[in-house]
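The values are calculated or read from the model by the stated rules, or taken from the named source; none is laboratory data. If you're wondering where the values come from, they're calculated on a predicted model, not measured in any experiment. Using ideal geometry, Cβ is built from the backbone for each residue, glycine included, and neighbour counts are taken over all protein chains shown. Remember, those area values only see protein heavy atoms, side chains included, never the ligands or the DNA or RNA. Shrake-Rupley method; radii C 1.70, N 1.55, O 1.52, S 1.80 Å.
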Amino acid sequence: MERKKIVAGNWKMNMTPAKTVELIATLKPLVESIDVDVVFCVPAIDIVPAITATRGTNIAIGAENMYFEESGAYTGEISPEMLVDAGVKYVILGHSERREYFHETDEELNKKVKKAFEHSLTPILCCGETLEQREMGITLDWIRMQIKSVLVDVPASDVAKMVIAYEPIWAIGTGVTATSEQAEEVCKAIRECIAEIYDEDTAKSVRIQYGGSVNAGNAKELFSQPNIDGGLVGGASLKPEFGKIVNYK
Ligand code: PEP
């Protein structure tokens, strides 16, 4: 079975609720595609207006983070039940900005991935190396370690449904994109790692995105690689260019 491509926008900490409605009105006609799953991952406060503005379209809404407890005294956090009740389908987990600025660990991400699946949310799990790690030649070891740590005790049936985003940290928001060879090498290694922990069927099902300065000019080359099933897009997801990325063919 062929994997359906998935292109997700990561809005990061941009767009007010009012601007969300305006941006979705602009992007909606540009991202219609029957071949590609389209996701807008938006700030928490924009989730409800985004769900309303995309009702009846091919766009699914994702969150950018989530807490691993059900409810209670966790001021400032958002629970999976809240996301699901609002109509959210996906959640980005472990973006490098959250790992760096908010000190998220693989152990916490393991709890978040399990909790997301308990609520039938699809995680978009991010992994990626720093430039220093790449230059040291430890990229593949590092990525394998991240994947293995975050997936401890996550069953194959869940992993088959998840999305993994390979995002080299040196390529995020920098305008420097990994070459298609570099991106394919790591995405292939992630799939092999899943086959090793689980089995071939699970590895064939999991969708692996590339993220890091994806734009209208490089999307086709990147998304045409055999192990790259689409992209996680930051900066360009806030512009009409996102429509060209979704329709990369
Ligand atoms: C991201 O935020 O996940 C990302 C890849 O950003 P950009 O496309 O701006 O590099």
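Remark: pairs (first residue in segment 195-215, closer than 15 Å to Leu125 by Cα; second residue within 14 Å of the ligand (Cβ to nearest atom) and charged (D, E, K, R); Cβ separation under 7 Å; 6+ apart in sequence or on different chains) = Gly211/Glu167; Gly212/Glu167. Taken together, Lys161, Lys148, Lys204 contain a single residue that is within 30 Å of Lys244 (Cα to Cα), out of contact with any strand residue (DSSP E or B) (no Cβ under 7 Å at 6 or more places or on another chain) and among the basic types (Lys, Arg), which is Lys204. For Pro226, the criteria (1) touching a helix residue (DSSP H, G or I) at 6+ places or on another chain (Cβ under 8 Å); (2) under 19 Å from His95 (Cα atoms); (3) not aliphatic (A, V, I, L, M) hold in every case but one, which is (2).
Residues of segment 93-115 that are under 16 Å from Ile147 (Cβ atoms) and either within 14 Å of the ligand (Cβ to nearest atom) or crowded, with 21+ Cβ neighbours inside 10 Å (or both): Leu93, Gly94, His95, Ser96, Arg99, Leu109, Lys112, Val113. Pairing residues of segment 131-154 that are small (Gly, Ala, Ser) with residues that are in a helix (DSSP H, G or I) and open to solvent by 10 Å² or more (accessible area, probe 1.4 Å), at Cβ distances under 8 Å and at least 6 apart in sequence or on separate chains, gives Ser149/Asp106; Ser149/Glu107; Ser149/Asn110. Residue check: Gly173 meets all listed conditions (1) in a helix (DSSP H, G or I); (2) open to solvent by 10 Å² or more (accessible area, probe 1.4 Å) but one, namely (1). The number of residues in segment 202-229 that are away from the ligand (no atom under 12 Å from the Cβ), closer than 14 Å to Glu167 by Cβ and not in a loop (DSSP other than H, G, I, E, B) comes to 1. Would you mind stating whether Ala189 is away from the ligand (no atom under 14 Å from the Cβ), touching a Ser or Thr at 6+ places or on another chain (Cβ under 6 Å) and in contact (Cβ under 8 Å) with a residue 40 or more places away in the chain? Answer is no for this residue. When restricted to residues that are in a loop (DSSP other than H, G, I, E, B) and touching a helix residue (DSSP H, G or I) at 6+ places or on another chain (Cβ under 8 Å), segment 176-189 contains 3. Checking the structure you have, find out if any residue of segment 54-65 is out of contact with any strand residue (DSSP E or B) (no Cβ under 7 Å at 6 or more places or on another chain), farther than 19 Å from Leu151 by Cβ, away from the ligand (no atom under 16 Å from the Cβ) and touching a residue at least 24 places away in the same chain (Cβ under 8 Å). So far as segment 54-65 goes, yes, one or more of its residues are out of contact with any strand residue (DSSP E or B) (no Cβ under 7 Å at 6 or more places or on another chain), farther than 19 Å from Leu151 by Cβ, away from the ligand (no atom under 16 Å from the Cβ) and touching a residue at least 24 places away in the same chain (Cβ under 8 Å).
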